[in-house]
Amino acid sequence: MTFTTTRRALTRSLAAMALIGTALTTLPGAALAEVSLRLAVPDPATSSVGRAATRFSELVAEKTGGEVTIEVFPDGVLFGGDQNAAINQLGSGALDGLILASSVYASFEPRMNAISLPYLFEDYDQLQAYLGGEPGDELKASLDRLGIHGLGFFLRTFRNVTTRETAITTAEDFRGLNLRTPNNTLFVALFEALGANPTPMAFSEVYSALQLRAIDGQENPVEVPLNNRFSEVQGHLNMTQHVADSFLLALSGSAWQRIPEDARAAVQEAADEMIAEHDAEEIAAEQDIIAQLREQGMQVNEFAEGELARMQEIARGIYPRFEEQIGTEFMQKSLEFVQQ
């Protein structure tokens with residue numbers, strides 16, 4: 001009798017506990033397991049890429065109802081400013097998320113160099129179509145083997161050369177200039193073909209090298225000299241527009257798997273929306289940035305008549321050297337895409 005009573009009591013207790021558990025999970029606002037990710041950004045929070053990261057964070061929180069949150073860490077603090085190390089850390093899962101230039105990824109996935117083939121794109125519309133279309137999808141998929149899940153490319157404005165004293169208005173003006181480049185063989189080959197002395201260097205060292213006159217100049221989208229006060233050590237902004245570049249927003253494969261399956265579409269939607277907003281703002285802001293650099297004392301130089309065609313001829317002469325690296329099939333696909 002005692003056994004029967006005890007068994008009945010236990011059964012009633014278990015049933016009550018089950019009801020309580022069900023009630024708790026169905027209460028309004030009951031907390032779901034929240035996934036919190038850290039997103040590393042190489043530039044200041046106030047920069048274009050910093051603002052893009054913040055906007056992505058806002059959209060993710062909004063579209064997932066707070067189930068997924070993104071905390072942004074600017075200025076390369078999560079990877080010590082070493083951008084190659086950042087990609088390794090992303091692939092290993094030591095970093096949850098990263099925004100970094102596609103030209104840096106080329107050291108790990110050579111097909112990324114297709115984006116930076118000099119003078120490949122006529123305008124930003126063509127670049128956007130490439131990044132958001134089949135070629136961009138193929139490039140994102142190529143990172144799967146590294147343990148990286150690409151969410152999307154967003155454009156940077158075309159790269160231009162800044163110099164301390166030399167106004168570049170002809171292809172010949174590059175001769176003998178010591179120019180900092182990224183640690184990327186395509187950039188080195190381009191400036192060697194122009195007769196300059198390319199000097200691969202970590203970006204964190206560039207301002208000091210310019211200040212100490214160890215190099216004559218550098219090349220980047222116009223926002224970079226503005227954000228990094230290069231007008232203090234450079235006198236000329238030369239509108240060479242020689243190479244396209246982009247930022248890639250990516251998560252580690254392990255971070256992507258931590259996001260609940262039913263929230264992944266919302267995270268991707270947040271990335272797509274941020275990219276559309278960013279690209280429109282980036283293109284619109286370019287002329288304003290150039291005006292600000294001019295106000296800060298930089299002389300803005302354009303190519304003399306006929307010199308752009310000369311630059312394009314020299315630059316495209318290096319394409320065959322990178323066909324094997326990029327891959328003949330993807331190289332041809334990229335060239336055909338821009339010729340449509």
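Observations on the structure shown:
- Entirely in the stretch 186-247, the strands (runs of 3 or more DSSP E) that have 3 or more residues that are at pLDDT 95 or above and farther than 22 Å from Ala284 by Cβ: 197-200, 217-220
- Selection from the stretch 129-144 of residues that are touching a strand residue (DSSP E or B) at 6+ places or on another chain (Cβ under 6 Å) and either part of a helix (DSSP H, G or I) or closer than 16 Å to Ile318 by Cβ (or both): Leu131, Gly136, Lys140
- Yes/no for Ala167 being buried (at least 22 other Cβ atoms within 10 Å of the Cβ) and either more than 30 Å from Gln89 (Cβ to Cβ) or at pLDDT 95 or above (or both): no
- Residue list for the stretch 160-180, filter: of a type in the set (Val, Ile, Thr) and under 14 Å from Pro225 (Cα atoms): Val161, Thr162, Thr163
- Residues that are farther than 20 Å from Val338 by Cα, part of a helix (DSSP H, G or I) and in contact with a strand residue (DSSP E or B) (Cβ under 7 Å, 6 or more places away or on another chain) do occur in the stretch 100-109, at least one of them.
Okay, residues lined up against (1) in contact with a helix residue (DSSP H, G or I) (Cβ under 7 Å, 6 or more places away or on another chain); (2) modelled with pLDDT of 95 or more:
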position: Thr25; (1), (2): no, no
position: Ala40; (1), (2): yes, yes
position: Thr46; (1), (2): no, no
position: Ala53; (1), (2): no, yes
position: Glu67; (1), (2): yes, yes
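- Subset of the stretch 69-82 [over 17 Å from Leu251 (Cβ atoms) and either modelled with pLDDT of 95 or more or surrounded by 18 or more Cβ atoms within 10 Å (Cβ to Cβ) (or both)]: Pro74, Gly76, Val77
The values are calculated or read from the model by the stated rules, or taken from the named source; none is laboratory data. Fair warning: this is a prediction, and the values are worked out from it, not measured in the lab. Backbone-built Cβ (ideal geometry, glycine too); neighbour counts: all protein chains shown.
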